[in-house]
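Just below is one structure, and these are the notes that go with it.
Here, each number is a calculation from the coordinates, and none is a lab measurement. As the structure is a prediction and not an experimental result, all values here were calculated from the model. So basically every Cβ, Gly included, is an ideal-geometry build from the backbone, and we count neighbours across all protein chains shown.
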Amino acid sequence: MPSNPTHEYDDLRMISPMTVSPMTSTGSLLEEAARIARHFARARLLPQARELERDGGGPQLIVLMRELATTLGLAELPAEVLANADFSGTLLYELTRVLPGFALSFGASLGLCGQSLLRRGTPDQQERWARSVLAFERIGCWALTEPEAGSDAFSLRTIARRVDGGFALSGEKSFITNAPIADVFVIFARIEGAPFDGQVRPFILERADAGLATGRPLDKMGMRASPTGSIYLDEARIPADRLLGDPEESGKRAAIETLLGERAGLSGMALGIIEESLQLATAYAKDRRQFGQPICTFQAVQLRLARMYAAQETVRALLERGRALVASGDASLAYFCAAKYTASTLATACALEAVQVLGGNGYTAEYRVEGLARDAKLLEIGGGTSDIQLLAVARELLKAGSS
Ligand SMILES: Cc1cc2nc3c(=O)[nH]c(=O)nc-3n(C[C@H](O)[C@H](O)[C@H](O)COP(=O)(O)OP(=O)(O)OC[C@H]3O[C@@H](n4cnc5c(N)ncnc54)[C@H](O)[C@@H]3O)c2cc1C
């Protein structure tokens, strides 16, 4: 019997929006991080983008993620900066403009895995795992989805069985960003046995743990520079201190907090795709001549560019309002789901508009809009599909209406 498709949001009103808290006191640090990421993306990523896409990331992905981490000085940054979603969101946005797949992998290690370890972890767990993942000495991944638990994320079947001194995990995770290359895994499982029987909790696993294996990277439509794959757990034995954070604390709540941050991050990635699509399409339209004149002189092409501009300003405004709502303590689940839905839908539409402006060239991998269009589609699926975002919005609206 499938569980209630929106039950994952039941206790969201109880959740503090710290995952997306503003970094007001470190504004200049944010600007500096944006400048470094922008330069890195243009100077280092862009020349290797085709190769990274062709190789599904490959070893060069890890080399480049570490290079960026070193340039940003992530190992030295204070925990409150590393845990801040504005900080990771800024990096994601800058990297997405050049290669969304790289941004996805970087974000999964830094944001989904590293920030979860830092925010949820005990001091010992922060010391043993969070710092090295946040510094990209080790690559991280975050695994909730399973073959039978996608949109219905908390119907998961992976079991953590209590054994002498710890747990034995069995189950399968699917579609996990970085799984094929990860060193550290945050894995959600259902506890079997007292005192938390049936409860979902996050666990920390390492590549070397016996009983853990990962599958080959999936051959995907887009985000091809980011390796995605399955994790197989066959009685993977781990000590008790691998249960991430306070055992009393709801793992569902931990997952929802992370998903909320992910939705904000994906909206920022959408803006990156929209801005880049508009810029590339505008430059091309000014340059390309047909019927003896630049194609930008044709109103049909102008309308496309104008629609993309309208989308860009809409998503910028959505992100700014999101930051303001967080700052005033009024952030709501409905807002972030609506923003993610709108931003991701507009990103796909804009990238396809750009393909159209470039005509035949836009349909070839020689031109970057082709990759942006394929990558954009993932934003409508990852972190909860568009339909699931809308269902969450409707649920909140109806709750508000009935009170
Ligand atoms: C490239 C990539 C990277 C990913 N990275 C990660 C990761 O790092 N960690 C992780 O845990 N997961 C990850 N995911 C998984 C992602 O979150 C899921 O794919 C997503 O939540 C959708 O689940 P599903 O694929 O099982 O689709 P399904 O749940 O099977 O949905 C299929 C379709 O049915 C619709 N649908 C389902 N339920 C309803 C409903 N109640 N009402 C209306 N429509 C419905 C959906 O909207 C969708 O259109 C990744 C996925 C991809 C493709």
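Residues of the range 99-128 falling in the label zone of ALA365, defined by backbone nitrogen less than 16 Å from a point 7 Å along Cα to beta-carbon, are 99-102.
Look at where the Cα atoms of the range 329-403 and of the range 135-157 average out, and the two centres are 21 Å apart. Based on Cα contacts under 8 Å between residues 6+ apart, the chain shows a relative contact order of 17 percent. Using a 7 Å offset from Cα along Cα-Cβ at ASP234, what residues in the range 172-208 end up with backbone N under 14 Å from the label point? Residues 172 qualify, since their backbone N sits under 14 Å from the label point.
Relative to the Cα centre, what is the charge dipole magnitude of the range 275-335, using +1 at the beta carbon of each Lys and Arg, -1 at the beta carbon of each Asp and Glu, and rounding to the nearest 20 debye? List each step's numbers first, then the result.
On the way: 8 positive and 6 negative charges, 56 e Å.
Dipole of the range 275-335, to the nearest 20 debye: 260 debye.
Computed from point charges on the beta carbon alone (+1 for Lys and Arg, -1 for Asp and Glu), the dipole magnitude for the range 143-250 about its Cα centre is near 360 Debye. Electrostatic bookkeeping for GLU94 treats Lys and Arg as +1 and Asp and Glu as -1; over the other residues with beta carbon under 10 Å from its beta carbon, the sum is +4. Based on DSSP H segments of at least four residues, each scored -39500 (n - 2.57), the chain has a per-residue ellipticity at 222 nm of -16000 deg cm²/dmol. About its Cα centre, the range 252-402 has a charge dipole of approximately 160 debye under the convention of +1 per Lys or Arg Cβ and -1 per Asp or Glu Cβ, with nothing else charged. The residue list GLN125, GLY382, GLY222 was ranked by how far each Cα lies along the charge dipole of the chain toward its positive end, using unit charges on Cβ atoms, and GLY222 comes out on top. When DSSP beta bridges are restricted to pairs lying wholly in the range 106-198, around 45% turn out antiparallel.
Between helix 299-327 and the chain, what is the angle of the helix's C-alpha long axis to the longest principal axis, kept within 0 to 90° and rounded to the nearest 10? So the inclination is approximately 30 degrees. Apply the a/c threshold of 1.5 to the C-alpha gyration tensor of the chain and tell me whether it is rounded, prolate or oblate. It comes out prolate by the Cα gyration axes. At R0 = 30 Å, how high is the FRET efficiency between GLN356 and ALA34 if r is their beta carbon distance? Nearest 0.05 is fine. E between GLN356 and ALA34, to the nearest 0.05, is 0.50.
Across LEU29, LEU352, LEU134, mean-square fluctuation computed from a Gaussian network of the chain (C-alpha pairs under 10 Å connected) peaks at LEU29. When the charge dipole of the chain is built from unit charges on Cβ atoms (+1 for Lys and Arg, -1 for Asp and Glu) and taken about the Cα centre, the candidate among LEU95, LEU260, ILE187 whose Cα reaches farthest toward its positive end is LEU95. Pull out a ≥ b ≥ c, the square roots of the eigenvalues of the alpha-carbon gyration tensor of the range 356-403, then state rounded if a/c is under 1.5, prolate if not and a/b is larger than b/c, and oblate in the remaining case. Prolate, because a/c is 1.5 or more and a/b exceeds b/c. Quick one: grab the alpha carbon gyration tensor of the range 210-288, order the square roots of its eigenvalues as a ≥ b ≥ c, and give me rounded if a/c is under 1.5, else prolate or oblate depending on whether a/b is larger than b/c. Oblate, because a/c is 1.5 or more while a/b does not exceed b/c.
Each Cα pair under 8 Å and six or more residues apart adds its separation to the average, and for the range 244-402 the resulting relative contact order is 30 percent.
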